[in-house]
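Remarks on the structure that follows.
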Amino acid sequence: MKIYLVFLLTIFSQIVFSQINDGNIQLKTLQKSNIGKNYVYGKWNEKGGMETHLTYLGNVKTKKGKTYKIMTSVWLWGLSRRATNKILIFNNLNQYIGEYSVTMISDLPKKLKNGILIFENKNNDCDQKVSSKINFKNGIPKEFFRECKKGSGDIYEFYSF
């Protein structure tokens with residue numbers, strides 16, 4: 001019985017201490033307010049560690065006077081180094097509002113300029129001279145399409161909040 005209890009406690013402690021508290025690291029990154037700087041929390045390894053990359057892109061003030069802060073998040077996890085990518089939205093008090101899930105790391109926006117979120121086409125399948133831009137000055141879009149120009153046609157990616 002003791003061996004069983006020790007085994008369970010060991011497994012439980014590994015689960016608890018291996019998780020990164022997203023709320024704390026997001027807040028820490030927002031408080032630093034270093035636009036464009038990538039912060040790495042945790043460490044992924046072949047044995048299954050986890051790593052989170054957060055980049056604060058800046059804030060946008062809407063026409064109605066609300067301020068939103070925008071951050072990208074890449075969470076690397078699992079033995080095969082899977083990535084979960086998101087665009088995170090916070091209010092002016094650094095409170096989480098919501099997110100957009102993004103399929104590929106290369107599909108994350110690279111900067112926020114004058115209230116416009118700018119996506120660069122770094123994917124090899126897309127025309128790298130074309131960029132997508134999403135305007136946040138009217139507020140948070142509930143959904144938007146991002147366009148990728150290809151020689152054989154256009155690809156549209158759908159994002160919802």
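Just to be sure I understand the model, the point goes 7 Å from the Cα along the line to the Cβ. What's the resulting residue 67 to residue 96 distance in nm?
According to this spin-label approximation, the distance is 2.2 nm.
Is the shape of the stretch 61-123 rounded, prolate or oblate, going by the alpha carbon gyration tensor and its root eigenvalues a ≥ b ≥ c, with a/c under 1.5 for rounded and a/b larger than b/c for prolate?
Cα axes put the stretch 61-123 in the oblate bin.
Carbon and sulfur: what percent of the stretch 32-144's accessible surface (1.4 Å probe)?
After summing per-atom areas, the C and S share lands at 47 percent.
The values are calculated or read from the model by the stated rules, or taken from the named source; none is laboratory data. Bear in mind that the values here come from a model prediction, so they are computed numbers and not experimental data. Heads up, the Cβs are rebuilt from the backbone with ideal geometry, glycines too, and the neighbour counts pull from every protein chain shown. Areas reflect the complete protein model, heavy atoms only, side chains present, ligands, DNA and RNA absent. Shrake-Rupley method; radii C 1.70, N 1.55, O 1.52, S 1.80 Å.
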